[in-house]
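S.K.: Before we start, here is the structure in question, set down as structure tokens.
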Amino acid sequence: MNKEELMRRAIVLSEKSVKTGGGPFGAVIAKDGVVVAEASNSVTLDFDPTAHAEVNAIRTACNRLRTFDLEGCEIYCSCEPCPMCLGAIYWAHIDRIYYANDRKAAAGIGFDDDFIYQEIGRDLAGRHRPIECLLPEEGKKAFDMWRQKGDKTEY
Ligand SMILES: [Zn+2]
């Protein structure tokens, strides 16, 4: 399938999702033009605030390919990814991102994630949700263990 066909598939998923009770978002992950996984938003259906279309598609793709690294894949999102999904896409090492609706259009229908993008750029003290460091010395032990582990699977 070419780029437009793959994006159209993500868009169709976003429309179907509206009809079936999910949020208006769809995502398709493809490798060399072949669909690896596709998903729609299921936040309200699954009672899962992380169940965005992109995250759902990444989980399915990784499970199908038995990998945690989607290098060589592309993702087609019916809407520009939110900060959580963008992070997930980067962690999954997906090569390229395509989107149809942009985040301004999403904000226009009540999905405004711009405040999260702004939060990321703020100092911890200036954020709207309190965040503080607690027990850093005790927390360090797992990091030391990881550093010294000889047979770790790096990602
Ligand atoms: Zn998202």
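The values are calculated or read from the model by the stated rules, or taken from the named source; none is laboratory data. Keep in mind that this is a model prediction, so the values were computed, not measured. Here the Cβ positions follow ideal geometry from the backbone for every residue, glycine too, while neighbour counts run over all protein chains shown. Remember, those area values only see protein heavy atoms, side chains included, never the ligands or the DNA or RNA. Shrake-Rupley method; radii C 1.70, N 1.55, O 1.52, S 1.80 Å.
S.K.: Restricting the search to segment 19-48, which residues are open to solvent by 30 Å² or more (accessible area, probe 1.4 Å) and touching a Lys or Arg at 6+ places or on another chain (Cβ under 8 Å)?
M.R.: V35, E38, S40
Conditions tested, residue by residue: (1) more than 12 Å from the ligand (Cβ to nearest atom); (2) out of contact with any Leu (no Cβ under 6 Å at 6 or more places or on another chain); (3) not in a loop (DSSP other than H, G, I, E, B).
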| site | (1), (2), (3) |
| --- | --- |
| R8 | yes, yes, yes |
| E15 | yes, yes, yes |
| G23 | no, yes, no |
| A30 | yes, no, yes |
| A51 | no, yes, no |
| E54 | no, yes, yes |
| L70 | yes, yes, no |
| E74 | yes, yes, yes |
| M84 | no, yes, yes |
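S.K.: Is it the case, given these coordinates, that D123 is open to solvent by less than 80 Å² (accessible area, probe 1.4 Å), free of Cβ contacts under 8 Å to residues at least 24 places away in the same chain and either of a type in the set (D, E, K, R) or within 14 Å of the ligand (Cβ to nearest atom) (or both)?
M.R.: no
S.K.: Scanning for something more than 21 Å from V12 (Cβ to Cβ) and open to solvent by 90 Å² or more (accessible area, probe 1.4 Å), does segment 49-56 turn up at least one residue?
M.R.: Within segment 49-56, one or more residues are more than 21 Å from V12 (Cβ to Cβ) and open to solvent by 90 Å² or more (accessible area, probe 1.4 Å).
S.K.: Which one of these is assigned to a helix (DSSP H, G or I) and either of a type outside the set (F, W, Y) or out of contact with any Cys (no Cβ under 8 Å at 6 or more places or on another chain) (or both): K140, K152?
M.R.: Among K140, K152, only K140 is assigned to a helix (DSSP H, G or I) and either of a type outside the set (F, W, Y) or out of contact with any Cys (no Cβ under 8 Å at 6 or more places or on another chain) (or both).
S.K.: I need the full set of residues from segment 14-31 which are of a type in the set (A, V, I, L, M, F, W, C) and under 17 Å from I89 (Cβ atoms), in order please.
M.R.: The answer is F25, A27, V28, I29, A30.
S.K.: R64 passes all but one of (1) surrounded by fewer than 13 Cβ atoms within 10 Å (Cβ to Cβ); (2) assigned to a strand (DSSP E or B); which number fails?
M.R.: (2)
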